[in-house]
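Peer 1: Here's a structure for you.
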Amino acid sequence: MNNLAIQECSLEDIEVIKYISAKTFCETFEEDNSEEDMANYLKENFSDAQVESEVSNPESQFFIVKDNEEVVAYMKLNVGNAQTEKGHEHALEVQRIYVFEEYKGKGIGGALMQEAIKNAKDKNLEYVWLGVWEHNYSAQKFYEKHGFKKFSEHIFKLGDDEQTDYLMKLML
């Protein structure tokens, strides 16, 4: 784990973003959701056109983490109109931090979170916020460890299933 590198992504990285997005999403959520809902979510959110649109958006940034040359994690950040909720004009949203299962607990998520916080501070923003599934207890503990506090909830649709996400915030 001594050769970790965090790098910002560009359009040339669409295939690796699609791969790691789908694999980590499935590792995290397929056990608790129907096969149909998972398939629909993956098709809608990780298609070529969708990922290209998100990577091309100047108000979004993707980062990948490599261990040596192997991609092991990624993060998506949003500001402005790219955020998934309105009303956060002076904030940065961490929309996704996903780490391959075998690399969890090795400090990669923490390194990505520090990158997100630095990014927000560099932009002179007031806070960092995110949504986390109400049943993803390990992620909630991770965010709390980094100083995030629950401030609201919203509905996240996974296929036909409406799920509750807790919204958490870290004031800068």
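The numbers here are math on the coordinates, done by the rules we state, and not lab data. Computed from a predicted structure; not experimentally measured. We place every Cβ from the backbone using ideal geometry, glycine too, and count neighbours over all the protein chains shown.
Peer 1: Only four residue types carry charge here, +1 at the Cβ of Lys and Arg and -1 at the Cβ of Asp and Glu. Report the dipole size of the stretch 4-171 about the Cα centre in Debye, rounded to the nearest 20.
Peer 2: Here the stretch 4-171 has a charge dipole of around 960 debye.
Peer 1: I've got another one for you. Which entries of K66/K104; K66/K169; K23/K43 have Cα-Cα distances beyond 24 Å here?
Peer 2: Pairs exceeding 24 Å: K66/K169.
Peer 1: Round to the nearest 0.05 the FRET efficiency obtained for A82 and D160 when R0 = 25 Å and r is the Cβ-Cβ distance.
Peer 2: Efficiency computed from Cβ-Cβ geometry: 0.45.
Peer 1: Moving to a separate point now. Run the numbers for S56 and S10: contour at 0.36 nm per residue of separation, minus the present Cα-Cα distance, in nm.
Peer 2: This chain segment gains 15.8 nm when fully extended.
Peer 1: Also: In the stretch 70-106, which trypsin sites (Lys or Arg not before Pro) are in a loop and have at most 10 other Cβ atoms within 10 Å, using DSSP for the loop call?
Peer 2: K86
Peer 1: Among F100, N33, G131, flag the residue with its Cα farthest along the positive direction of the charge dipole of the chain, charges on Cβ as +1 for Lys/Arg and -1 for Asp/Glu.
Peer 2: In the chain, that residue is G131.
Peer 1: To continue, here is another question. How many nm separate the modelled label positions at E69 and K150, each set 7 Å beyond the Cα in the direction of the Cβ?
Peer 2: About 4.5 nm separates the two model spin labels.
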